[in-house]
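The values are calculated or read from the model by the stated rules, or taken from the named source; none is laboratory data. Just so it is clear, the structure is predicted and the values come from calculations on it, not from any experiment. So basically every Cβ, Gly included, is an ideal-geometry build from the backbone, and we count neighbours across all protein chains shown. Ligands, DNA and RNA are excluded from the accessible area calculation, which covers all protein heavy atoms including side chains. Shrake-Rupley method; radii C 1.70, N 1.55, O 1.52, S 1.80 Å.
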Amino acid sequence: MNKLISLTKRNIKVYFSDKKMFFTSLITPIILLVLYVTFLSGVFKDSFINAFPEGFKYTDKLLNSLVGGQLISSLLAVSCITVAFTSNLLMVQDKAEKTIKDINITPISKFTIGLSYFVSTFISTFIVNFTVTIVCFIYAHFFGTYMNINDMLNIVLDLLLLTLFGTSLSSVINFNLSTQGQVSAVGTIISAGYGFICGAYMPISSFGKGLQKVISFLPGTYGTSLLRNHALSSSFREMRNQHLPEELIDGFKKAFDCKIKLLNNYVSINSMYLIVTGFTLLFIVIFIFMNKHKKRS
Amino acid sequence: MNNIIKIDKVSKSYGSLKAVNNLSFLVKEGEFFSFLGINGAGKSTTINMICGELSKDFGSIEVCGEEVDGNNTSLKEKIGVVFQDSLLDKSLSVYDNLKIKASLYNITGKDFLDRYEELSKLFNLKEIEKQPISKLSGGQRRRVDIARAIIHNPSILILDEPTTGLDPGTRKSIWKVLNNLRKEKNLTIFLTTHYMEEAADSDYIVILDKGTTIAEGTPLELKNKYASDTVYIYNVDEENIKKLDKSYKKVRDGFKIIVKDLKEATDLIIKNKDLFKDYEVIKGKMDDVFLNATGYELEDE
């Protein structure tokens, strides 16, 4: 146990002290933030305004809480996965730079080494994402939000679940990588691609039907949707308080991926938890299996 | 002395390439053992098999009386390795690198502080302990590498080209520390190197080519077998040298005569006492041993 803790601490220290690795993991959230500030928030604001019924007097606070909720959920949905992938690339970097040889010659089992990468990725990713979440809450507080402590706790719970999901997924994918080229390729693909497929840049509902169907089979989609639901629920509550019709609120939910169809049925929040948790457990089992059955060359 | 490493008919292939081929040798406890060969001779593969990093295809590898299978953690506590490339965490400090490595051997708290203090004095680490590895010079890194490799007081220290690229001063200071450790702690040193003068101080040498032993013995045995001795004679006329009927070469202030061994040199000197007033006999060098045994020139990397 002490060795696991030591190696985990080492991995976390290396991740946070390796400026290149640390900043690479923040590229996607930063790009997203810049996109929102310069462009996306305006687009979302316009679409929210157009969706309100004629004559409805919306407040800036309601509008900002909707845009803020969209930003927070997008940012966290992306960074939970991309930060997990980049911090887990330490496992590959250690192989590429042969540092793993120096660890392997110590009296520590291969399984403990694998577990240390998993635990450290989870902790590093959670630290980064929790910091991002706090910044998001401060942003929401100043720009307008109706979020209460329950909404915030739900977001933190989603964050934990999605961080665990990102950690387990990246552990399985990164396990067999061993070169710097592969590190760069995976880092680039994940950073560039995940924002699109999780609906961070554009809601999934705006994609073509075929693509929507494919995305509905990806477990990460439900992680994003959980965050959307919890980041926007206070705004929907406020809309109800302002007596906006339920159909309109429902339309908002569909348009902003709070409601997602899987095989023509809307997936409930509990089912979303089940899907993400189930796949997380599956990836963890696969990762354990890979570690247990890794042969010496 | 007991055998601390026993390699018996070990083979290892990568596809069709035989990296190690029916290799056998012994290393005795407390010995300074050199394992020589050109790049690709199979040295690193053998080291990786001794450490349990690589599995062997055939044969047996025993370290401290135990068969190596990659899982015996007790064996790993007996071996320390300084790899060819420094494998320190470059973004972490010297102190952190040593602390982390020590903790993987369950050396923590006061035990670590005591051991750190000891190594810090031995390798002059105090002044650089807070610096990240990336900011250190090659020599400083090597000092940390070696300190880290022996943090758990191993019985065997494997050094894979430890002084490559270091200046002579640093090499000398590193060897001074290592020789002291050998004497004081009966540490067995297993060395691979490209510097033949380092290997010349060994107790025993094995020269490897294409995964197989091609020569082995003490430095003296190897020099006698593979290297010629040289007699330098000064302040004589070339006419007199010609009369000796030996092949010779003109050098500054004198001549260089190659002889088979010390016996031939002695006979030559006794027969020509009047001529040999100012002379020296130089034993063959390890460079010559390596060249004659393998047929390859050594590259300084």
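So the values come out like this:
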read-out: Chains A and B together, accessible area buried on both sides, 1.4 angstrom probe, square angstrom; value: 2400
read-out: Virtual spin-label span in nm between B:ASN124 and A:LEU282, 7 Å along Cα→Cβ; value: 6.0
read-out: Burial ranking of peptide ranges A:29-38, A:117-126 (average Cβ count within 10 Å, highest at the top); value: A:117-126, A:29-38
read-out: Three-way shape call for the protein assembly as shown based on the alpha-carbon gyration tensor, with the a/c threshold at 1.5; value: prolate
read-out: Rounded to 10°, Cα long-axis angle of helix B:94-103 versus longest principal axis of chain B; value: 70
read-out: Those aspartates and glutamates that a straight Cα-Cα span of less than 14 Å connects to B:LYS90, excepting residues fewer than 8 apart in one chain; value: A:ASP18, A:ASP94, A:GLU97, A:ASP102, B:GLU129, B:ASP145
read-out: HN-Hα J in Hz across segment B:75-86 - Karplus 6.51, -1.76, 1.60, θ = phi - 60°, x for Gly and Pro; value: 5, 4, 6, 9, 10, x, 10, 10, 6, 3, 9, 5
read-out: Cβ-Cβ FRET estimate between A:THR131 and B:GLU221, R0 fixed at 56 Å, reported to 0.05; value: 0.25
read-out: Long pairs among B:LYS28/B:LYS210; A:LYS98/B:LYS78; A:LYS110/B:LYS183; A:LYS292/B:LYS101; B:LYS225/B:LYS246, criterion Cα-Cα beyond 27 Å; value: A:LYS110/B:LYS183
read-out: Packing-based order for B:194-204, B:237-247, B:85-95, using average beta carbon neighbours within 10 Å, highest first; value: B:85-95, B:194-204, B:237-247
read-out: Which of B:ARG171, A:ARG237, A:ARG10 is most accessible, then next, and so on - probe 1.4 Å; value: A:ARG237, B:ARG171, A:ARG10
read-out: Theoretical FRET efficiency, 1/(1+(r/R0)^6), r = Cβ-Cβ of A:ARG240 and A:ILE189, R0 35 Å, to 0.05; value: 0.30
read-out: Solvent-accessible area, 1.4 Å probe, carbon plus sulfur percent, for chain B; value: 47
read-out: Average partner coverage of A:6-12, which counts Cβ from other chains inside 10 Å; value: 4
read-out: Shielding by partners, peptide A:101-114 (average Cβ within 10 angstrom, other chains); value: 6
read-out: For residues of B:101-108, the mean tally of beta carbons on other chains within 10 Å; value: 5
read-out: Part-to-part distance (alpha-carbon centres) for segment A:239-285 and segment B:220-260, which is given in Å; value: 93
read-out: Normalised contact order of segment A:2-292, rounded percent, pairs of Cα under 8 Å and 6 or more residues apart; value: 27
read-out: For segment A:157-174, 3J(HN,Hα) per residue [Karplus equation, 6.51 cos²θ - 1.76 cosθ + 1.60, θ = phi - 60°, Hz, x = Gly/Pro]; value: 5, 4, 4, 4, 5, 6, 5, 5, 5, x, 5, 5, 5, 5, 5, 5, 5, 6
read-out: Reachable lysines from B:LYS242, criterion Cα separation under 21 angstrom, eight or more residues apart if same chain; value: B:LYS250, B:LYS256, B:LYS260, B:LYS263, B:LYS271, B:LYS273, B:LYS277
read-out: Segment A:161-230 and segment B:276-295: distance between their alpha carbon centers, rounded to Å; value: 67
read-out: Charge context of A:GLN180, other residues only, Cβ under 13 angstrom, K/R +1, D/E -1; value: +1
read-out: Chain B, accessible area per residue, ligands and nucleic acids excluded (1.4 Å, Å²); value: 48
read-out: Amide hydrogen neighbours beyond the local backbone of B:TYR204, cut-off 5 Å, H modeled; value: B:PHE32, B:SER34
read-out: Segment B:69-162 shape via C-alpha gyration tensor axes, a/c threshold 1.5; value: oblate
read-out: Summed side-chain charge close to B:VAL236 - residues other than B:VAL236 whose Cβ falls under 11 Å, Lys, Arg +1, Asp, Glu -1; value: -3
read-out: Cross-link partners of A:LYS57 among lysines (Cα-Cα below 30 Å; sequence separation of 8 or more within a chain); value: A:LYS45, A:LYS253, A:LYS254, A:LYS259
read-out: Net charge contributed by nearby residues that have their C-beta within less than 13 Å of B:LYS76 (K/R +1, D/E -1); value: 0
